[in-house]
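Reviewing the structure listed below.
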Amino acid sequence: MAAHMSRLRGWSRAQRYGIAVCRQYSSGSAYPNVSLSTPLPGIPKPVFASVDGHEKYETKITTLENGLKVASQNKFGQFCTVGSKDTTMYAVSAEVKGLETVVNLLSDAVLQPRLLDEEIEMTKMAVRFELEDLNMRPDPEPLLTEMIHAAAYRGNTVGLPRFCPANNVEKIDKRLLHKYLQSYYCPERMVLAGVGIEHEQLVQCARKYLLNVKPVWGVSTPANVDLSVAQYTGGIVKMEKDMSDVSLGPTPIPELTHIMIGLESCSFLEDDFIPFAVLNMMMGGGGSFSAGGPGKGMFTRLYLNVREMVEIITREFIQMSGTAGEMELERAKTQLKSMLMMNLESRPVIFEDVGRQVLATGKRKLPHELCDLISNVTASDIKRVTTKMLRSKPAVAALGDLTELPSYEDIQAALSSKDGRLPRIYRLFR
């Protein structure tokens, strides 16, 4: 096809009505004039997602005798490890015929790590560098995300630091790592997830390489695992910081104040999770982007007076407790479904989605089920979850020049008022 396409001479003329547009190739009789609405002869039929949004294959789950779950999505090499506050993922991309080799590799990486002293020292150096880079980069989002979690869940679970405190780096050694692995790397806390593979084939590989394998640290003892439940506290975390010297160019960045304000929502296991997700879209979640070309994608930031910026945020929170417009609600639901389906076009995202859902709930909701739940969200649902959210204490994170930052008490008062405005003291002398 590529050879014929490269010798394309031109397009036949098309009339506005009647005659279909056709393509003509220099190869003569091999490819006669073929309508653009007709597939080329001899070319395999392309595979696209179904138009009804339904998955062709369900997510199959098998639990082995040792408690390890095997989950697969038969829909569709590089290697990486991804860590977050709640999970660690080891990911491999490979051809199906290399499945056994890949599972064997994963088994060795997870259960038989060598953890050489020189590797640990190199990793500690990398951690120190990342901590220094975190404070030097112009993008404040990683720090703000860490700070808003610390404010919302002070001293517990997801409020604990994601980044290793600098004074703890030297404490890391082989014994400490083995103690951690012994507590958390046990079969009942693991999921082997696969995308684009036959389920029984994946189960057989799991039995061969993960069922009766003794870890290098010995028998796992999950009794030492922290089983505490996340407790929302609310509060404020502030960091005064001069960010004018983190510019990547000769022109210094102006003195800015970066603020995040959050309120308690719900767990993804609760029924209100979907209405909260729609509410997030209505308030500007998702952002805008462009895959290529200059000037098409923008990410909005409010470069305003600090007090005005805070008041805009609090007023938007309060306004959401009113009745949502039908057009606005439908747009938010459509945007949320579009973002969900677009993300699931990527195999790595499907793999992560399968692994996370099965690990957390023991099952997986398919995309069309989530789309149905999104479609069923009403304006009264939005009003109900917003009212519920506004009853909680706010969580506030502030970074940069904080001289004009309103007090936490004033932000809390604005979120408890009818119009979301800050107390009048902040509007004197304007």
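The values are calculated or read from the model by the stated rules, or taken from the named source; none is laboratory data. Predicted model, so just to flag it, every value in this text is computed and none were measured. No Cβ is skipped: glycine too gets one built from the backbone with ideal geometry, and neighbour counts run over all protein chains shown. All accessible areas refer to the heavy atoms of the entire protein, side chains included, with ligands and DNA or RNA removed. Shrake-Rupley method; radii C 1.70, N 1.55, O 1.52, S 1.80 Å.
Search segment 206-232 for residues that are among the small types (Gly, Ala, Ser) and pair each with any residue that is assigned to a loop (DSSP other than H, G, I, E, B) when their beta-carbon atoms are under 8 Å apart and the residues are at least 6 apart or on different chains.
Ala206/Leu64; Ala206/Leu68; Ser220/Tyr185; Ser220/Cys186; Ser228/Asn156; Ala230/Tyr153; Ala230/Asn156
Could you list all residues from segment 368-380 that are open to solvent by 70 Å² or more (accessible area, probe 1.4 Å) and farther than 30 Å from Ala193 by Cβ?
Ser380, the sole residue that qualifies.
Looking only at segment 177-201, which residues are in a helix (DSSP H, G or I), surrounded by 13 or more Cβ atoms within 10 Å (Cβ to Cβ) and touching a Lys or Arg at 6+ places or on another chain (Cβ under 9 Å)?
Pro187, His199
Just to be sure, is Lys174 touching a helix residue (DSSP H, G or I) at 6+ places or on another chain (Cβ under 9 Å) and open to solvent by 50 Å² or more (accessible area, probe 1.4 Å)? Can you show your working first?
Numbers: touching a helix residue (DSSP H, G or I) at 6+ places or on another chain (Cβ under 9 Å): yes; open to solvent by 50 Å² or more (accessible area, probe 1.4 Å): yes.
Yes; evaluated as a whole, the condition is true for this residue.
Residue under question is Arg347, and the condition is that it be modelled with pLDDT under 85 and out of contact with any Leu (no Cβ under 8 Å at 6 or more places or on another chain); does it hold? I'd like the intermediate steps shown before the answer.
Numbers: modelled with pLDDT under 85: yes; out of contact with any Leu (no Cβ under 8 Å at 6 or more places or on another chain): yes.
For Arg347, the condition - modelled with pLDDT under 85 and out of contact with any Leu (no Cβ under 8 Å at 6 or more places or on another chain) - is met.
Between residues in segment 324-341 that are at pLDDT 90 or above and residues that are open to solvent by 80 Å² or more (accessible area, probe 1.4 Å) and not in a loop (DSSP other than H, G, I, E, B), which pairs lie under 9 Å by C-beta distance while being six or more apart or on different chains?
Between residues of segment 324-341 that are at pLDDT 90 or above and residues that are open to solvent by 80 Å² or more (accessible area, probe 1.4 Å) and not in a loop (DSSP other than H, G, I, E, B), the close pairs are Ala332/Asn280; Leu336/Asn280.
With the requirement that a residue be in contact with a Gly (Cβ under 7 Å, 6 or more places away or on another chain) and assigned to a helix (DSSP H, G or I), what does segment 134-159 give you?
Those that are in contact with a Gly (Cβ under 7 Å, 6 or more places away or on another chain) and assigned to a helix (DSSP H, G or I): Ile148, His149, Ala150, Ala151, Ala152.
Of the residues Lys365, Lys383, only one is open to solvent by 50 Å² or more (accessible area, probe 1.4 Å) and closer than 20 Å to Phe268 by Cβ; which? Walk me through it before giving the result.
Details: Lys383 fails: closer than 20 Å to Phe268 by Cβ.
From the options Lys365, Lys383, the qualifying one is Lys365.
Being touching a Pro at 6+ places or on another chain (Cβ under 6 Å) and open to solvent by less than 50 Å² (accessible area, probe 1.4 Å) is the requirement here; does Cys164 meet it? Give the steps one after another, and end with the answer.
Working: touching a Pro at 6+ places or on another chain (Cβ under 6 Å): no; open to solvent by less than 50 Å² (accessible area, probe 1.4 Å): yes.
No, not satisfied.
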